Structures are given as C-alpha cells and as structure tokens.
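To start, the structure under review is shown below, and the notes come after it.
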Amino acid sequence: MEFEQLTSIWNNANPTLDQTVKINKELVKTISFSKVKSSLSEIKWTSIFQIVVGIWFLDFLLGFAFRHHADHLFLIPSIMLIVITLYSLIFDIGQLVMLFKINAKASVAEAQRKLSLLKKLEAYDAYSLLVIIPLFSAPFLIVVAKAAAEVSLYEFGNQWIYSYVAGSAVVAGIVVFFLRMFPNKGLQESIDFLKELKEEK
C-alpha cells in the first residue's frame with residue numbers, strides 16, 4: 001500500500017464512529033508506521049553496517065596504538081582515528097536507536113519530530129565530511145601503510161601530506177555536494193507522509 005492510499009484512509013476515518021472503525025484506524029496506524037520504517041530501511045542497514053565496521057576498526061586502532069605507544073609519529077594519528085571512530089559509533093548508534101523508537105505506539109507528532117531530527121542529522125553528517133575527510137584521511141593512510149606493509153609514509157617527507165589534505169578537501173566538497181543534491185528519498189517521503197496525517201484528538 002502506497003503512502004497516498006494510507007493518507008486518504010487515515011484522514012477520512014471519522015473518530016466519532018463506533019469501536020470497530022477506531023480499531024480499524026489503529027490497524028491503519030500500525031500499517032502506516034510499518035511503511036514508514038520500511039522506507040527508512042536504507043538508513044537502518046547503513047547504520048548497522050557502519051557500527052559493525054566501526055567496532056572492528058576501533059579494535060584494530062586500539063591494538064595499533066598499544067603497539068606504537070612509544071612512537072608519537074604513529075601514536076598521534078591512531079589516537080586521532082580512535083576519536084573520530086568513537087564519534088562515528090556514537091552517532092550511528094544514536095541514529096539507530098531513534099529509528100527503532102518510531103513505531104505505532106508513538107503519536108504522529110512524536111514521529112514527525114523524530115523524522116525531522118533524522119533529517120537534520122543527515123545534513124549534519126554530510127557537512128561533517130568537509131572536516132572529517134581532509135583532517136583524518138592522511139592519518140588513516142599513515143596508520144594503514146604502517147600496519148599493512150610496515151611502510152612509514154614520513155619517509156616521503158611532509159609535502160605529500162599538505163598536498164593530500166588539499167586534494168581531500170576538494171574531494172570532500174564534491175562528495176558533500178552530491179549528498180545534499182540527492183538526500184535520502186525514503187526519509188523525505190516519510191516526512192511528507194506524516195505531515196499529511198491529521199493527529200487524532
């Protein structure tokens with residue numbers, strides 16, 4: 001059942017009618033919220049994937065930092081990556097918890113507020129890449145090169161770092177531009193759908 005059909009059924013139900021109609025409207029509400037959650041599945045599975053990868057990467061980073069605790073050239077980049085990984089994990093877990101709280105037990109207004117917050121978080125997450133990509137991509141290369149091949153990128157001098165950061169800033173700008181040009185379609189459809197529903201008095 002599409003959003004338009006659910007909106008019509010919801011808004012045309014008369015709250016003054018008998019108990020059967022009220023029960024049917026509760027059923028429509030359950031179906032409606034199920035449809036909303038289904039349309040947000042991309043966000044849910046993306047968050048779950050990022051949490052799993054984040055936990056694995058955090059474990060790797062902690063081990064790397066422990067092994068190189070006496071060498072600040074590798075300890076500092078690993079600590080930087082630990083901080084941003086923890087931030088990402090907290091962000092994704094918070095977003096996932098919010099998604100699970102959108103259910104038929106919640107009021108329409110409450111669901112609207114949560115979806116509105118999710119939309120703001122989506123924009124915040126996209127714009128944060130303007131900082132994250134340039135600032136943390138070089139430490140990522142330094143750590144991965146050392147861990148995977150025992151290669152110290154510092155041997156190539158510091159000039160490559162400045163050039164790489166500048167190039168990363170350009171890439172970040174392009175990525176953010178496309179993310180904002182094509183926001184999550186399911187999220188926007190869910191927001192538009194809930195705006196059309198008349199809250200029951």
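Derivation of every value follows stated rules applied to the coordinates shown; laboratory data play no part. Everything quoted here is computed from the prediction, not taken from an experiment. Don't worry about glycine lacking a Cβ; one is built from the backbone with ideal geometry, like all the others, and counts go over all protein chains shown.
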**Fill in**
Calc'd 3J(HN,Hα), segment 109-120, phi into Karplus 6.51 cos²θ - 1.76 cosθ + 1.60 (θ = phi - 60°), Hz, glycine/Pro = x, comes to 4, 5, 4, 4, 4, 5, 5, 5, 5, 4, 5, 5
**Asked** Between Ala166 and Lys185, what is the label-to-label distance in nm when each label sits 7 Å out along the Cα-to-Cβ direction?
**Response** 3.9
**Item:** For segment 84-93, Karplus couplings with θ = phi - 60° (6.51, -1.76, 1.60), whole Hz, Gly/Pro x
**Value:** 6, 5, 4, 4, 5, 5, 4, 4, 5, 5
**Request:** Report ³J(HN,Hα) in whole Hz for each residue of segment 127-132, in order, from the Karplus equation J = 6.51 cos²θ - 1.76 cosθ + 1.60 where θ = phi - 60°; Gly and Pro get x.
**Result:** 5, 5, 5, 4, 9, 5
